[in-house]
Each structure stands twice: as C-alpha cells, then as structure tokens.
Amino acid sequence: MGKAAAPKKNWAKKDWIYPHRHLLGIEGLSKQDITRILDLAEGFIEKNRQIDKKYPILKGRTLINLFFENSTRTRMSFELAGKRLGADVINMSVATSSVKKGETLIDTAMTLNAMHPDFITMRHPESGAVHLLSRKVNCSVINAGDGSHEHPTQALLDALTIRRKKGRIEGLTVAICGDILHSRVARSNILLLNAMGAKVRIIAPPTLMPPQPEKLGVKVFNDMRKGLKDCDVVMTLRLKTEYMENSFVPSSREYFHFWGLDEEKMSYAKKDAIILDPGPIIRGLQIDSKLADDIGRSMILDQVEMGVAVRQAVLEILSHTLQTK
Amino acid sequence: MGKAAAPKKNWAKKDWIYPHRHLLGIEGLSKQDITRILDLAEGFIEKNRQIDKKYPILKGRTLINLFFENSTRTRMSFELAGKRLGADVINMSVATSSVKKGETLIDTAMTLNAMHPDFITMRHPESGAVHLLSRKVNCSVINAGDGSHEHPTQALLDALTIRRKKGRIEGLTVAICGDILHSRVARSNILLLNAMGAKVRIIAPPTLMPPQPEKLGVKVFNDMRKGLKDCDVVMTLRLKTEYMENSFVPSSREYFHFWGLDEEKMSYAKKDAIILDPGPIIRGLQIDSKLADDIGRSMILDQVEMGVAVRQAVLEILSHTLQTK
Amino acid sequence: MGKAAAPKKNWAKKDWIYPHRHLLGIEGLSKQDITRILDLAEGFIEKNRQIDKKYPILKGRTLINLFFENSTRTRMSFELAGKRLGADVINMSVATSSVKKGETLIDTAMTLNAMHPDFITMRHPESGAVHLLSRKVNCSVINAGDGSHEHPTQALLDALTIRRKKGRIEGLTVAICGDILHSRVARSNILLLNAMGAKVRIIAPPTLMPPQPEKLGVKVFNDMRKGLKDCDVVMTLRLKTEYMENSFVPSSREYFHFWGLDEEKMSYAKKDAIILDPGPIIRGLQIDSKLADDIGRSMILDQVEMGVAVRQAVLEILSHTLQTK
C-alpha cells in the first residue's frame, strides 16, 4: 500500500462555524452542529486506517488531558487524537482524594491555563465541574465526562457508529438499557438522539431510573422485552457501582436475569438491530458474552474506532474557533 | 490571528556562552549568566502566547524527567518546555520508597545515561542528589529541586516575574516569608537576588529559620510587619509539612495569625508591592485567599507562565553547551 | 560536532524480508533473521550517539506500550525507540490485579486494536499472553516479556553486545547463571545462542533449574567454578522473587556465597571473558558490586545502550512487514 493521501479538505462546509468555544455537552448543540462534526469525523476514520495516520493541523498547539477519574480508554483516545493531529499532548492524572474542594479545582485550572494550553479535556467525578473549569480558562475545554451529567464525545461517537451502520439517525428507535440514573452517557445520548430526530426509549429498574424520566423526552419502560420491541438500536450500560452507596440491585445474577441483554430479549428488537455499549463491558452482567462478540450486531469495537475520529473532529472544529476568536 | 512568527534570533548575545554543562543551582551563576537566561526567556513568553507555540530547536534530542518526588506542576512545565522545543520527552516517576540507597540512584542514573539522553531534569528528596547524578552522566542535568538545597528554575522564573513587573531587580527590597528552613526555593532565591543586587529579607518564626541566617547575606526578621515594611516584593512559602518530623508550628490557625500574609500585614509593604508564591498555595495558611486572587498584586499565575519560558531558555542554553563540548 | 548524518540505508539487504508479522520470541527466528536485525541495529547505535537522534521512518504510525508488569527500564527503552523513529507513542500501564481472566486481556487487546495502532509491545506476567494477543489484533506485536516464557528483545540486545565486543557469536562458550527456572531472559538467550552456533551452559542450584534442562540444548552445571571454566561470556540473572512462592533459596548471604559472581569465581572463565546482566542488578546477590562496575568486563551499561538500538531495528523490520502485508 502506498503513502496515504491526506483527508479531503471539503469535509467542513465553509458557511458553517462551530458556534461555541468549548464542548461541554450535547445540550446547546443544534442538529447542524452535530451533523457537521460527524461529517468531519468521517474523513478521520479513513485517515486512521492508513499507514500514515498523521494529519498535523494542530502542530504547535498544546492539549492537556486532565483526568480526575481513571479512564485509560478515554484518555488514550484523546491522546491519540491529539498526537495524530500533531499537537503536543500532556497527561495529568489527579487522585480524586486530593481534590476535595471546588476551590482547588479552580486553582488547578488557573495553573494549567497559565501554561497556555489550547485544549483541556477534563474528566471529573462531579457534575458541573467542567462548566466551572470553562469559565476560568482561555482555552477550549472538552468534557470527557463529568459526574452523571454529560459525556458528549461518547454520544457523538455513538451517533457516528449508528449513522454509518444505518445510514441515518432520524426516525430510528433507540433503546437505552440499564443504569440510566448514574449515566452521563445516557444523558448525552438522549439529548443527541432527540436533537437528531430519533425516538428514544429508556429501560431500567425503578431504582436505576432518574426522577421524572418523561421530562427527558423519552418513552419509559420497566420491562426489557416491551422496551426492546421493534427497536433499531440497543444501547447497554454498565452498572456504575462506584456511584452506588446503597444496594441498587439485589445481585448480579438476578440483575442479568431481568436486565442483562441476551439472545432471547434481543429477539424482540428488529432483526437487523445493532447493539452499542460504551464499555468496558462486564460480560454476563449488562450483556451476554456471546452477544457482545457477535460482530454482525455488536458495534462495541466500531465505537472505539469512531471515538478517535470523533475526538479528532472535535479538536479540529474547536481549533477553528480559537483562530477566529 | 495569522501564523506566529518565530522568536527573534538575537536574544542571546554572541559573545556569551553559558559556562557550565549543568544547571545544578543558582550558586556559581554570575549576574551576566542570570541576565542572559532571563533575556532568552522573554522571547519564549511571546512564543507561548501564539497559536503555534512550536520552536523546534531541540528536534532529535531527548529529555528525561526523573522525578523521585511527586510534582505534577514542575514536571508538566519541563515536559511542555521540552515538547514545544521539539525534543522527545520521557517521564520517569520513582516512588521514593524504592530508592533507599545512594547507590541505587547511581545505577538508575547510569542506566538512563546509557540511553543517551541530552538532558535529565531531576527532583529528589535529598540535598546533593543532583550533584551526584551530574558527576555520573554525560548529558546536561537540570536540578528540578533537591531536598532543601536548591530549585534554580524556580528562582529564575521568580526573577523573570519580578523584572517584567518592576523593570529591574537591582535595588529592590524583597521579603521571603515562612518556612525558610526547609525551602530550596528560599535558598535559590536568596542566592539569585543577592547576585542581582537586590536587598533580601527573610521573615520566619524561630523554629523555621535556618541556623546562622545572617550568613546567607540577608536581613533577618521575626516579625511580619517589621520585615514587610517598605518592601517591593513579598514571597510567601508553603509549610513543607512533609519534612517536619516534630511540630514546628503550634496550629494552622495560630500560624496564619502570626505569619500568614493578609491585607493588614501587606499594608506595611510599599503600595505597589507584588506578591509571589511558588505554589501550590494553601489558602488561609501562608496567604489570605483574597490576596492570592488579587490580580493587581498577586503574581502567582504569572509565575507559572514564566516557568515554562524560563525552562525553555535553560534547555536552549544547555543545548549550545552540548554542541560546543 | 556538526549535524548528524542519517544512518546508512544499506543496513538491510534487499533480498531479505523478515518473515513474520510479530516478534513473539526467538523461537522461529533463523540465524539469518537474527543477523539482519543485529546488522540493522548497528546503524541505530551510531545514530543514538549523535546530537540529532531523530530518524523518522515511523512518522504517522502508532506504538502502544501495554505493560501489565512494572518495568520502567524496558518501557522507556521502547518509548525512546519509537519516539526517535518518529512514531506516536502511547503508554498503558495496567495493574495486574485488575486483570484476572484471559477474557479481559482479549477485550483490552480488541479495544486497543480498534484504535489502529501499528505496533503493540506487551509485557505480561503470564507465559503465552502475548501469543493470545497477537492472534486478536491486526498490528505487529512485540513481546516485551511474558511470564517465564520469552523476552526476545533482551536476547537480541545481549547478542548485539556480545558480537560487538567479541566480533562474533558462533563458537563462543556462554554460561548463564542463577535463576534459570523463572527466567524468560535465559530461555530467549538459550534459543538465540543455539541458533547462532554458540555453546551454552546453564549453572544453577537444583531448585532454580528447569525440569529436563538437557532438552534445551545446553550443558548443565550445578557448580559455578566448573560451569564458568574457560567461558567467553558470563550472564548473571537476578532472583525472580516475585515468582517464588516457597523458599527456593536458603538466604541471600548463602546464595551469594555459592552462586553470586565474584572475582574468585570469575577467575575460572577466560581472561578476556565479559559479564552481562539484564538488570536491575542486585549488588551482592547475583553479582559482586565491584565486578558489576568493572567497565573492562561488565557490559551492563552497553546492554542498555544496545537495547534502544535493537528495539529500533525491530520496529523498522516490522514496519516493512506491515507495508507489504
């Protein structure tokens, strides 16, 4: 195979500029914003499959990955995205224990800001911490997951996965199953799927359902078989046991029996329905092991691939915002 | 904003070459050495404020950050400095517990040396460890803090901060307050400020004052108000509790009452006096929270910005030393 | 010294292509394969001694260092090798405790694979884990040590060290001493030295000798003086106490008395015999401290230097395999 061609330049249409300085959540993004990010990501998917994956549009810029929670997968995805675009990437992992006051987060933010990064990605256990950060710094902030609030790049990579497999998002029926209550992934996905015109269902036991779920613009189900009926897309979520102080679920075995996705429950969805999971998957808890490995239906690895491309797209659109600020 | 221009080439005057292979301390540096490093750093301040912060004069060189103590802030500052200059940067963090003999430090040093780095920055809990390292390796060694001995890049960045705000260092009265006994920052600053012709005062409780402090070439005060009187610059220091085996201070509250910098004590300094602190700041202990955030007087974030620029300047001058060796 | 010339292009002869996609072990490599890797490494030794160590033939490629065991030295060597060749390098360290099932390793492997790395180096405490990985991914896998199985780049760097000092490997008598039972280094070295035509001896106490050692194609000794007699090369190995559940050795002092390499035992080897040790060396246990520091005979630091060069050579040959796949 010869030297890879550079991605085509006409991904982003000239008449559109991303209207924000940050990516703090899906909330506030228009259908057009989302569509353009996904369009831009398409080019990076191809580029990342080449031998030469370098596309150094961010040469000379600095990306800091500021992680207050462990997440090797997401950190690596952002690190790869930044490096393949030519940025200087610095990782900063902070043990949550040493950060007990919001005040300290601000001091950390201000210190990093003084080093003139162009981008900070932040993961933090508290909802809203990323907003706080974004008001204190001059650079672009990307939410890499804040508490149970939002995880926008996950929703974007899920959308890209769905769009590539189904050809569209509008009009599809998507069921999100499991621990909706604690899930920033669910929240961001609900916002995105609604913005794109999909029909969203959430399926969860009462203890893992957020209060007043109807207000999210979704159909609410307390039964997997009913909720999965005629769905195009099924998203499973892991149990966020780190956020669970009391026992939300009686036992793993019982949880899987009622709420774990298996062949039998999946048979209620459409025949060509696909399965997404943000990972890491816990086999035999949120999903049956064989189903997770069914490459015809399980999109789990496609999601990982889309993740790098979507993050490259987000870094690129934010870099244009910076240049025009 | 367009593509950033490269920094001007005439920072370093041609008739001067840094006369050492390492930067182990401020001790041994002349007024001219210090001035030229600060002059060189000025260019990097501007470069780091551009979109394109890359100035790859160290392309093909290797920088190893060898940290035997945790210090995310200083490690990131060196990492950024190296990467923005185009060097390959490798981080090595060593838990102190695994290094109990000087012998092992030498083995680590010799092993790293065999990988042909061009620069090693080292932070180590023992005074003198960096000198030991420098005698065992072929590359340039930069002291990133060794015990209570020296932290030369901190003193240089403090000097740059002062010079930019006050236009000069010579003739200024600078008060360093707090835990002088355990502070490598105080020691390096005293050496630098004396070399540059400033008048240095140290203010500390008797338990945190080094033995025979007058020999350092400073005026010694045991009272904040008297020590701060008519100062141009006030440097606060955090309590290095990790080095304190016995109780050096009765209580945080009492310490702040007598030794913490607040509005009232600060009123004894000159009206246009500035405040420096090497950070991380512990609000309400060494400094009042509001004072720390007073951007007219507090230089804390300027110091962080100067830090990257000073480290770039140090790497550059040491790289010339290497090429002419 | 002026700007370094690029390494000569004629290292690798055109009529030879490395016949594998991975480097999982020395097993399966021919004498020619080994010779060509060592030849290629020679050029990198020279390049790494220059000021400009960059030789960016892997620009745009991605190397992931996946370490399930701590090994700062080996990780840094691969990281440097990758960066000096221009690759984007990502480190992933995994606490062994979180990986208890082979299944999880596969999930980790598949996730990384979906990010399109070109190379994964892996260190893992279980023999065979690297083979498992290699069957699940599309990229080249390099074994950075798997359990007590193989550590091929260590054997290659040892061979390069011997060849440069002795001018050849064929016909030399090499004694490997110490904990043969748990040593992947011993195993890879025995395979390589036999393939290259050296005469291999192993010397160990009965408790640290593998079962049926004669089948390895070596001469077996239970006495240091007899085993070292007239040797050209002596390799010492550290005690892998992390793999020892019961007491394999009575005491450190007694072990050193019988099995530690000292001046007296070394006198049985040839006068110009050299000493190799994969490190980290434990002075006074596997080797006398003075002997380890005897630069005329101890090759310990040469081995570290050869390590980076050999890993660059391995990355280069695997990159050609990738391009022609």
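Shape index of segment B:16-100: Rg/Rh, with Rg the Cα radius of gyration and Rh the Kirkwood radius from the inverse mean 1/r over Cα pairs, equals 1.01. Legend: mean number of C-beta atoms from other chains within 10 angstrom of residue C-beta atoms, peptide C:185-197, equals 0.
If a/c stays under 1.5 just call it rounded; otherwise compare a/b with b/c (prolate if a/b is bigger, oblate if not). Do that for segment B:57-212, with a ≥ b ≥ c from the square roots of the Cα gyration tensor eigenvalues.
Values: a/c = 2.46, a/b = 1.45, b/c = 1.70.
Cα axes put segment B:57-212 in the oblate bin.
For A:GLU170 and A:LYS271, the difference between the fully extended length at 0.36 nm per residue and the C-alpha to C-alpha distance is 34.5 nm.
Ignore the peptide's own chain and count Cβ atoms of other chains within 10 Å of each Cβ in B:75-84; give me the average, rounded.
4
The orientation-averaged shadow of the Cα convex hull for the protein assembly as shown, equal to a quarter of the hull surface, comes to 42.2 nm². For the protein assembly as shown, with all protein chains in place and a probe radius of 1.4 Å, 52% of the accessible heavy-atom surface sits on carbon or sulfur.
Binning the C-alpha pair distances of segment A:102-187 at 5 Å intervals from 0 yields a P(r) profile of 3, 13, 20, 19, 14, 12, 9, 6, 4, 0 %, listed from the shortest bin outward. Summarising the label geometry, the points placed 7 Å from Cα in the beta-carbon direction at C:GLU46 and C:ASP223 lie 4.8 nm from one another. Label-to-label distances across copies for A:SER267, with labels 7 Å out along Cα→Cβ, in nm, shortest first? Nearest first, the other copies' label points are 8.3, 8.3 nm away.
The rotation axis taking chain C to chain B passes closest to the C-beta of one chain C residue; that residue and the distance in whole Å read C:ASN91, 5. Could you tell me which of rounded, prolate or oblate describes segment A:219-318, using a ≥ b ≥ c as the square roots of the eigenvalues of the alpha-carbon gyration tensor, with rounded for a/c under 1.5 and, failing that, prolate when a/b is larger than b/c and oblate otherwise? Oblate, because a/c is 1.5 or more while a/b does not exceed b/c.
Burial annotation for segment B:283-325: residues with an accessible-area loss of at least 30 Å² between the isolated chain and the complete set of protein chains, computed on heavy atoms with a 1.4 Å probe, are B:ARG283, B:LEU301, B:VAL304, B:GLU305, B:GLN323. Evaluating 6.51 cos²θ - 1.76 cosθ + 1.60 at θ = phi - 60° for every residue in segment A:63-70, the Karplus couplings come out as 10, 10, 9, 10, 10, 8, 10, 5 Hz, glycine and proline recorded as x.
Rounded, prolate or oblate for segment B:125-164? Axes are the square roots of the Cα gyration tensor eigenvalues, ordered a ≥ b ≥ c, and the cut-off for rounded is a/c under 1.5.
It is oblate, given that a/c is not under 1.5 and a/b is not larger than b/c.
Other chains near B:110-122: what is the mean number of their Cβ atoms within 10 Å of each residue's Cβ? Across the residues of B:110-122, the mean count of other-chain Cβ atoms within 10 Å is 5. Computed from the alpha carbon positions, the gyration tensor of segment A:175-247 leads to an equivalent ellipsoid with semi-axes of 19, 14, 11 Å, biggest first. Just how many % of Cα pairs in chain A lie over 30 Å apart, if you round to the nearest whole percent? Distances greater than 30 Å cover 33 percent of the Cα pairs.
In the assembled protein chains, C:ASP107 presents an accessible area of approximately 40 Å² (probe radius 1.4 Å). For segment A:33-163, the relative contact order is 23 percent, taking Cα pairs closer than 8 Å that sit 6 or more residues apart in sequence and dividing their mean separation by the residue count.
About its Cα centre, chain C has a charge dipole of approximately 940 debye under the convention of +1 per Lys or Arg Cβ and -1 per Asp or Glu Cβ, with nothing else charged. Students often get this wrong: which residues of segment B:251-273 have the backbone nitrogen under 20 Å from the point 7 angstrom along Cα-to-C-beta of B:ASP294? Residues passing the 20 Å test: B:256-273. Over chain C, Cα pairs under 8 Å with separation of 6+ residues give a relative contact order of 20 percent.
Each Lys or Arg adds one and each Asp or Glu subtracts one; over the other residues with Cβ under 12 Å from the Cβ of C:LEU315, this totals +1. Buried surface for the B/C pair, taken as the accessible area of each chain alone minus that of the pair with a 1.4 Å probe, is close to 2000 Å² in total.
By how many degrees, between 0 and 90 and to the nearest 10, does the Cα long axis of helix A:184-195 differ from the longest principal axis of chain A? The angle comes out near 90 degrees.
Computed from Cα positions, the angle between helix C:300-323 and the longest principal axis of chain C comes to roughly 40 degrees.
Between B:THR207 and B:SER93, the contour length at 0.36 nm per residue exceeds the alpha carbon distance by 37.8 nm. A 1.4 Å probe run over segment B:135-263, with the rest of the protein chains in place, finds 40 Å² accessible per residue. By DSSP, the beta bridges lying fully in chain B are antiparallel in about 5 percent of cases. Ordering of B:295-303, A:228-236 by packing is A:228-236, B:295-303, highest average first (other Cβ atoms within 10 Å, averaged per residue).
For B:GLY28, inter-copy separations between label points set 7 Å beyond Cα along the Cβ vector come to 5.2, 5.2 nm, shortest first.
Going down the table (A:LYS53/C:LYS53; B:LYS59/C:LYS166; C:LYS53/C:LYS240), which pairs top 24 Å between alpha carbons?
Correct reply: B:LYS59/C:LYS166; C:LYS53/C:LYS240.
The values are calculated or read from the model by the stated rules, or taken from the named source; none is laboratory data. Note that the coordinates shown come from a computational prediction; the quantities given were computed from them, not determined experimentally. Using ideal geometry, Cβ is built from the backbone for each residue, glycine included, and neighbour counts are taken over all protein chains shown. What goes into the accessible areas is simple: the full protein's heavy atoms, side chains included, and nothing from ligands, DNA or RNA. Shrake-Rupley method; radii C 1.70, N 1.55, O 1.52, S 1.80 Å.
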